[in-house]
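Right, one structure below, let's go through it.
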Amino acid sequence: MKLLHLDASILGTGSVSRELSALIVRRLTGDAPAAVTYRDLVAEDPPHLTAATLPGAHPVSAMAGTLDAAGQDVRDASDRMLAEFVAADTVVIGVPMYNFTIPSQLKAWIDRLLVPGTTFRYGAAGPEGLMGGKRVILALARGGFYGPGTASVSAEHAEHYLRTVFGFMGIVPELVLAEGLAAGEPNKAQALASARDAVGQLAA
């Protein structure tokens, strides 16, 4: 199994999403051999989307023209990120919810994946995802309560966005959720216990 593991929390060792993503990876790999590639998107801080930062396979990348050495290094890094995603059988992502959505570092990584002809294509019936055989597991942590039936459900733009963008590539992601983490210690403890239990229920 080729596994790609990413984290996007700025909280380091105090991060719930980092803890959960690591638990998921251990759950999936166990004692079985696995090739695991890890990216800390906060440490790497991939630059935001421009024609120059897109992978070379994206048709818009040609608009950047000839790149200097520093620009080519960025392009090469983008190519590697796309190749890692395409090659992975399973992708595990630690996702904190910041200001109602995903961290900008994670958005910058996702922007490198949506490449026509590689992860999706346009056909007579519209866009078609090309990554349908891939497993994606999201370890999502959020401070408040944003689920169905809550007062803040319309403000939730992390889970909804990720389901949309991976669905566009033909993937139905799995979710391990810890929410209400900022709603007092009892809520946090319950959320962590529930999320850890959900990790244990994942198919390995």
> What number goes with the only condition from (1) in contact with a strand residue (DSSP E or B) (Cβ under 9 Å, 6 or more places away or on another chain); (2) free of Cβ contacts under 8 Å to residues at least 24 places away in the same chain; (3) under 25 Å from SER21 (Cα atoms) that ARG80 does not pass?
Replying inline: (1)
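Looking at the stretch 143-155, which of the residues that are free of Cβ contacts under 8 Å to residues at least 24 places away in the same chain and either in contact with a Ser or Thr (Cβ under 6 Å, 6 or more places away or on another chain) or not in a loop (DSSP other than H, G, I, E, B) (or both) is surrounded by the most Cβ atoms within 10 Å (Cβ to Cβ)?
Here is the first cut: in the stretch 143-155, the ones free of Cβ contacts under 8 Å to residues at least 24 places away in the same chain are 148-154.
Next cut, either in contact with a Ser or Thr (Cβ under 6 Å, 6 or more places away or on another chain) or not in a loop (DSSP other than H, G, I, E, B) (or both) only: 153-154.
On the way: VAL153: 12, SER154: 10.
The residue in question is VAL153.
Would you mind stating whether VAL42 is crowded, with 22+ Cβ neighbours inside 10 Å, closer than 24 Å to GLU179 by Cα and among the aliphatic types (A, V, I, L, M)?
Working: crowded, with 22+ Cβ neighbours inside 10 Å: no; closer than 24 Å to GLU179 by Cα: yes; among the aliphatic types (A, V, I, L, M): yes.
Spelling it out, it is not the case that VAL42 is crowded, with 22+ Cβ neighbours inside 10 Å, closer than 24 Å to GLU179 by Cα and among the aliphatic types (A, V, I, L, M).
Working only within the stretch 61-80, note down all residues that are outside any loop (DSSP other than H, G, I, E, B) and over 23 Å from the mean Cα position of the chain (by Cα). Explain how you work it out, then say what you get.
Let us first name the residues in the stretch 61-80 that are outside any loop (DSSP other than H, G, I, E, B), namely 61-64, 69-80.
Within the stretch 61-80, ALA62, MET63, ALA64, ALA69, ALA70, GLY71, GLN72 qualify.
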> Out of all the residues in the stretch 168-201, which are outside any strand (DSSP E or B) and either touching a strand residue (DSSP E or B) at 6+ places or on another chain (Cβ under 7 Å) or among the hydroxyl-bearing types (Ser, Thr, Tyr) (or both)?
Replying inline: PHE168, MET169, GLY170, ILE171, PRO173, LEU181, ALA191, LEU192, SER194, ALA195, ALA198, VAL199
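Answer yes or no as to whether SER104 is under 20 Å from ILE10 (Cα atoms) and small (Gly, Ala, Ser).
Yes.
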> Within the stretch 114-142, how many residues are modelled with pLDDT of 95 or more, small (Gly, Ala, Ser) and in a loop (DSSP other than H, G, I, E, B)?
Replying inline: 2
>> For a quick check of your reading of the model, give me the residue pairs whose first member lies in the stretch 172-194 and is surrounded by fewer than 16 Cβ atoms within 10 Å (Cβ to Cβ), whose second is not β-branched (Val, Ile, Thr), with beta-carbon atoms closer than 6 Å and at least 6 apart or on different chains.
In response: LEU175/LEU138; ALA182/GLY143
> Is at least one residue of the stretch 15-27 farther than 11 Å from VAL92 by Cβ, surrounded by fewer than 18 Cβ atoms within 10 Å (Cβ to Cβ) and either among the aliphatic types (A, V, I, L, M) or modelled with pLDDT of 95 or more (or both)?
Replying inline: no
>> When you scan the stretch 101-112, do you find a residue that is modelled with pLDDT under 95 and in a loop (DSSP other than H, G, I, E, B), even just one?
In response: no
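The values are calculated or read from the model by the stated rules, or taken from the named source; none is laboratory data. Not measured: the values here are computed from a predicted model. Note: ideal-geometry Cβ built from the backbone for every residue, glycine included; neighbour counts use all protein chains shown.
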